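Read the structure below first, then the notes.
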Amino acid sequence: MEIETAVTGEGLGGSPISFALWQPERALAQVLSQRGKLLMRMGFMQGGKLYLHIEEAVYLKLQNLLDLVIDTKKGREQLSVESTVNLLVSNGVGKDFYAVYAHLMDASLIVRRHPAQWLLLPEEDANCIWLMTGTPHGAQPESMMVEGSSISKVSSKVLPPVSCTSEGRKKNMKHVSELKQRSWWPRPVECQAEPPRCQVDKSSPFTLTPFACAPCDYAGLEDATLRLALDVFPPNSKFSRKRPDPLIYHVCISQGRPQGREVMSAIEASVGQVSAQLAANVSLLESAVRSKETRVLAGRLLRQTTAVRKNLSAENLSDFVKSVLPRGYPGTSLLLEHLKMASSSMETDGTDAPAESPAASSSAVGLLPELEIYAYLLVVSFLVDKKLYPEAREVVTAGVKRLADFNRRTLDGLAARLYFYYSLVHEHTGTLADIRSHLLALHRTAVLRHDEYGQETLLNLLLRNYLHFNLYDQAEKLRSKAQRPEVSRSTQQLCRYLYYLGRIRAIQLEYTEAKDCLQQAARKAPSSAVGFRVAVNKWLSLVRLLLGEVPEHSEFTAAGLAKPLAPYFSIAQAVRAGDLAAFRQVADANVKVFAMDKTQNLIVRLQYNVIRAGLRRINLAYSRISLKDVASRLGLASVEDTECIVAKAIRDGGVDAVLDHANGWMLSKDVADIYSTAEPAAAFHARVAFCLDIHNEAVRAMRFDAAANSKKLETAESARERVIAEEELAKAYEEEEGI
Amino acid sequence: MAVLNDTTKLLDQLKGAVSKNDLSTATRILSALKLKLTELPALPPLLQKTPTAQKELLLARDVLEQAVSLSVKLQDEAAFERNYLQLKTYYTDTRALLPISQQENLIVGLDLLRLLVQNRIAEFHTELELLSPQALQSPGISHVVQLEQWLMEGAYNKVLDARPKLPDPAYGYFMEKLLSTVRDEIADCSERAYKTLSISNAKKLMLFGSDQEAAAYAAQRNWDVRDGAIHFQGAEENPINNHQPVELIDNALTYAREIERIV
């Protein structure tokens, strides 16, 4: 009974767990209730039902996205994690096979057992089609195979998969041949006709052998120890089983022990994982441009690029450039030249650049400007990663120049990113002042064209440019006059804008507004953007001190912030204690740090707050004290000074006291009971107003779009996407702050 | 070239007139000079790279520096600001093209002092951010920076004491103006901080020349002077209390309205 309710998914309060029924006789799991997005790209459909292979079921189970149930005599029973995993072995799927599968799945790729089929006719037998290609070929003892009787029967008569021809198979082959038409297809030299295959070989550690094989020579391949195990498709959140993307490569698993993750990624890098991801990005870009989806271009494409960025090498980048850009195109040689220089200066591999493939120039006619700019972007980010700033500057300057030739809204997101690099590279080469007027011109153009990405990015770049040279006046003038889109297109840019604005306000002594801005920036910044958060918190802590507030201790001790914020922490301690001597000592000791952070002048301003905090302590502790004692306690030079300073503090309301000039005393007034004043009511009101404000903001922020209904809770995949997005954001900040 | 020579001659005349304190002549020459400057192509905003560019820039900077010191002598703050803003371009944008001016720190310090006197503290700090650490050490600027800190802290007596120690006689005009500002500040503070203060003490505090001056000032501020001492009434009980019920009702009504919207 319990299971019954669980199967319908109602007993669990709508948690997004799918249920599947394990059918031992077919060695398949039939999905009973489907939840979450991940299942959309797994399993195959037959007769309107969704079936999963065991490795798919285990993967979902371990992700806690699926519960596997089994029919017994007693009714349905839920399988535990261990027994689910045991099913792997008893169905002849080795651990190495599963490790490969899970790793590829973790990389957001779409993975199927070879031959990849998504839809089966009702009369087809799944076990005949897949033939236990997942069998790890000897990694499992023979006896284990015999146990699963029906399966071993099938697998004992070795049929080449080619003979298992079906509708889906043909379709797939068609895809493969279509693939070959595409110019960006990753093309290992030896393997012209087929997608590249990789082999994990045990004997020579982790070498990867691209197969030199005749077209469609499946049969010859499969008889030996090597068999095609998995087919891999590019990531695609809108995957459809009816129209799968062209597959990127096959994976073979040879005999041997399961390999470690590092080995896997090394293999992937060399077998063209990078090229595959780039190829996926290109197809995403092309489809987005076709459908004029600017959001995809600014969002997903750049996110996916970040994912691939750390794996880029000069070789596969130049391959990419060669395949994407036509050979005669003027920009191509520039890009390639710099890549070549990059690779030679790094001395990665002594190998020459791969021979140029003649097929590459075929797509010269319909070259998308987006694609061209994307190539620039990749090359620049690669050069920046390798810290080759002068080279990067040349490339990015050419890219920006090229951008001026186009006026396309689909370019905006990419262009904004290129501008960002333009400024970043110039900052590194110390020529930031030279590009200011160019940035201003670009900003003007962006405003005229309603290019919101460009406007936001360029405004921030300009503010950064001005603040770099301490030109707060100009920055404020530009900021107050420049047009800003009402709704910010990107949180990153909004965070930066708030940070710059907070800095301007702090310099202008408008501390309340500065605090608001900086606080918002600190809150909106993702937790992984440590560099940015450090910078914001430095300013924020000073502004709060200048306002007379004492920052929380925890603000200085958050993970990653403690060390860089240490000088600011000691400053805060000195201000809180009202100890002028300690304050001066800290300020002198860290003068270099403060000068570098450009906060030296704020520190100087803090002196007054130190004195006032000290005075307040004295005021609370003594009912009457001579000014001479006050002077010595605060470390002030003379009694006359002290008298004036105390008088001003009284006037400003920091201290509740009266001076007696004739006797040289400071008389503290009795501390009134604060609860007899309007103070508590005011504090209460401030809090209530804050809560109401939050509520109203939240209501306002809720928008309903058509997709809202289909979007349920966050799936594992979208969670991963979000993590990737955050990492990218963090990286972008680090780049900016780690200068 | 001819323009350049003419301008140079005029500049010499201007310098002569300024040093002789012939202010009306100097003003006349200055307006002629400024017209001449418009004929020089190497100056901002054109910044053409003529062969005599450096000479032209130097000349223009000299002229404007003279103009600034002239406007101090004329005690014309608006003209000072105008001239300084023109001059500032030469200190920032064309800094790389010219040798550093001897006058620079002094003039920048003067401008800071002007901002301080006019109580434009935000702009004061904005300008301060632009200065290099070396410039901040120079006597003209460090003096003004120190003044600002004293003002912030409330060490008014130090500000008043600093009067005789001017880094340059040009500072005198603004310092005098600062004095009256400071005196008002002290008076403000005294009202709140003291119950009574003898006239002689007040004289000392606010640096008046004589008791009579102090008494006149007290009368001007409507202070109650009895028996040779000033009696301050102290701050009146805050009248805000009267508004409290109204405010309370206001708040309660707002809450009610907002909660209605939520429910």
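Give just the number: which of (1) of a type in the set (Gly, Ala, Ser); (2) assigned by TED's automatic domain parsing to the domain that holds residue B:137; (3) out of contact with any helix residue (DSSP H, G or I) (no Cβ under 7 Å at 6 or more places or on another chain) does residue B:109 not satisfy?
(3)
So, in the range A:471-489, of the ones that are surrounded by 20 or more Cβ atoms within 10 Å (Cβ to Cβ) and under 31 Å from the mean Cα position of the chain (by Cα), which residue ends up nearest to residue A:300 (Cα to Cα)?
A:489
Can you tell me which residue among A:544, A:523 is in contact with a Pro (Cβ under 6 Å, 6 or more places away or on another chain), away from chain B (no Cβ under 14 Å) and either part of a helix (DSSP H, G or I) or modelled with pLDDT of 95 or more (or both)? Walk me through how you get there before you give the answer.
Values: A:523 fails: in contact with a Pro (Cβ under 6 Å, 6 or more places away or on another chain).
One residue alone meets the criteria, A:544.
Taking the condition of being surrounded by fewer than 18 Cβ atoms within 10 Å (Cβ to Cβ), within 14 Å of chain A (Cβ to nearest Cβ) and in contact with a strand residue (DSSP E or B) (Cβ under 8 Å, 6 or more places away or on another chain), how many residues in the range B:200-228 meet it?
Looking only at that region, the number is 1.
Return the residues of the range A:78-93 that are touching a strand residue (DSSP E or B) at 6+ places or on another chain (Cβ under 8 Å) and either crowded, with 17+ Cβ neighbours inside 10 Å or not assigned by TED's automatic domain parsing to the domain that holds residue A:31 (or both); say none if nothing qualifies.
Taking the range A:78-93 first, the residues touching a strand residue (DSSP E or B) at 6+ places or on another chain (Cβ under 8 Å) are A:78-79, A:84, A:87.
Those that are touching a strand residue (DSSP E or B) at 6+ places or on another chain (Cβ under 8 Å) and either crowded, with 17+ Cβ neighbours inside 10 Å or not assigned by TED's automatic domain parsing to the domain that holds residue A:31 (or both): A:79, A:84, A:87.
Under 6 Å by Cβ, and 6 or more places apart or on different chains, what pairs join a residue from the range B:116-127 that is more than 10 Å from chain A (Cβ to nearest Cβ) with one that is surrounded by fewer than 18 Cβ atoms within 10 Å (Cβ to Cβ)?
B:117/B:177
Among the helices (runs of 4 or more DSSP H) confined wholly to the range A:584-694, which include 1 or more residues that are touching a residue at least 12 places away in the same chain (Cβ under 8 Å), more than 40 Å from the chain's Cα centre (by Cα) and at the interface with another protein chain (Cβ under 9 Å from one of its Cβ atoms)? Walk me through it before giving the result.
Working: elements: A:591-597, A:600-621, A:627-634, A:639-652.
Output list reads A:600-621, A:639-652.
Mind checking whether some residue in the range A:473-480 is within 22 Å of residue A:732 (Cβ to Cβ) and more than 14 Å from chain B (Cβ to nearest Cβ)?
Taking the range A:473-480 and keeping what is within 22 Å of residue A:732 (Cβ to Cβ), we get A:475, A:479.
Restricting the remaining residues to those that are more than 14 Å from chain B (Cβ to nearest Cβ) gives none.
Checked against the condition, which is being within 22 Å of residue A:732 (Cβ to Cβ) and more than 14 Å from chain B (Cβ to nearest Cβ), the range A:473-480 yields no hits at all.
Go through the range B:66-174 and tell me which helices (runs of 4 or more DSSP H), entirely inside it, have 2 or more residues that are within 16 Å of the chain's Cα centre (by Cα), surrounded by fewer than 19 Cβ atoms within 10 Å (Cβ to Cβ) and not charged (D, E, K, R). Give the derivation first.
On the way: elements: B:77-92, B:104-117, B:121-129, B:133-137, B:139-153, B:156-161.
So the answer is B:77-92, B:121-129, B:139-153.
Residue B:197 - would you say it is facing chain A (nearest Cβ under 9 Å), modelled with pLDDT of 85 or more and more than 15 Å from the chain's Cα centre (by Cα)? Reasoning before the result, please.
Numbers: facing chain A (nearest Cβ under 9 Å): yes; modelled with pLDDT of 85 or more: no; more than 15 Å from the chain's Cα centre (by Cα): yes.
Criteria not met by residue B:197.
List pairs: first residue in the range B:137-165 and at the interface with chain A (Cβ under 9 Å from one of its Cβ atoms), second residue among the basic types (Lys, Arg) anywhere in the structure, Cβ distance under 6 angstrom, at least six positions apart or on different chains.
B:150/B:158; B:154/A:648
The values are calculated or read from the model by the stated rules, or taken from the named source; none is laboratory data. A quick note: this is a predicted structure, and the numbers were derived from the prediction, not measured. Methodologically, a virtual Cβ is constructed for each residue, glycine included, from the backbone with ideal geometry; neighbour enumeration extends over all protein chains shown.
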